[in-house]
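*Asks:* Can you read through this structure? Questions will come right after.
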Amino acid sequence: PDGADYFSLQMDTNTSLTHLQLASNGLGKGGVTWLAQVLRNFQSLLSLDVSWNDLGEDFMSMQSNLVHQGSLTSLTSLKLNQNPIGDWGLKHMALSMYYTRNLRRLQLQNCEITDKGAAVLGAMVATMSSLRVLDVAFNRVTEIGAWLCSEWLLVKASRCRLRSDLR
C-alpha cells in the first residue's frame, strides 16, 4: 500500500494516540475521506493540527459528523490555520463544538472567515466554557464582525485570549 494507506492501517490498531500533527501534507479535498477514516477511532485524541492542507467545508462537515459519532470529543487543541474553511465550514463546526467540552485552544488563522462567520463564531464559543485561546488572525473580519461577536467577547474576555487583526 502507499504511505497514506499504510498510515491508515496502523492507525486502526492505535486507538490511544493523543497528539496528531498532519500540518502541511497537502491533503486537500481528496484527503477528507482518508482523514475521516483515520480520525474515526480516536476517542482519546487531545491535539489535532491539520493546518495548511487546503481543507474546506467538506472537512468541517466530516469533523462535525465525527464529533456527533463520539470521535474527537476529547480535543483540547484544534489547529485549522490556513485552510479555506469559510463561513459555511464554520457553521458545520458550530453544530458539533458543544460536544468538545475540553477544547482550550482553537486556531483559525487565515481561514477565509468573514463578518457572517464572526457572528457564528461568537454564538459557538459562548457555549465553550473551557476555551482559553481563540486565534482568528488574518481573516476577513471587520469591526462589524467584531461587534457581532461582542457579547461573547464581553463574557469570555476575562478567561480567554483573542488574537485578531481587525481590518
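Taken together, the values in this text are just the output of simple stated rules run on the coordinates, not laboratory data. On a predicted model such as this, the values are computed, not experimentally measured, just so you know. Heads up, the Cβs are rebuilt from the backbone with ideal geometry, glycines too, and the neighbour counts pull from every protein chain shown.
*Asks:* What distance in nm lies between label points placed 7 Å from Cα along the C-beta direction at Thr114 and Trp88?
*Replies:* Between Thr114 and Trp88, the label points sit 1.2 nm apart.
*Asks:* So for the pair Ala126, Gln43, with labels modelled 7 Å out along Cα→Cβ, what separation do we get in nm?
*Replies:* 3.3
*Asks:* For the ranges 56-63, 120-127, what's the packing order if you count other beta-carbon atoms within 10 Å of each residue, average per peptide, and put the highest first?
*Replies:* Values: 56-63: 21.6, 120-127: 19.2.
Highest to lowest by the protection proxy: 56-63, 120-127.
*Asks:* What is the pair-distance distribution P(r) of segment 109-151, computed from all Cα-Cα distances in 10 Å bins starting at 0, with each bin given as a whole percent?
*Replies:* 31, 58, 11
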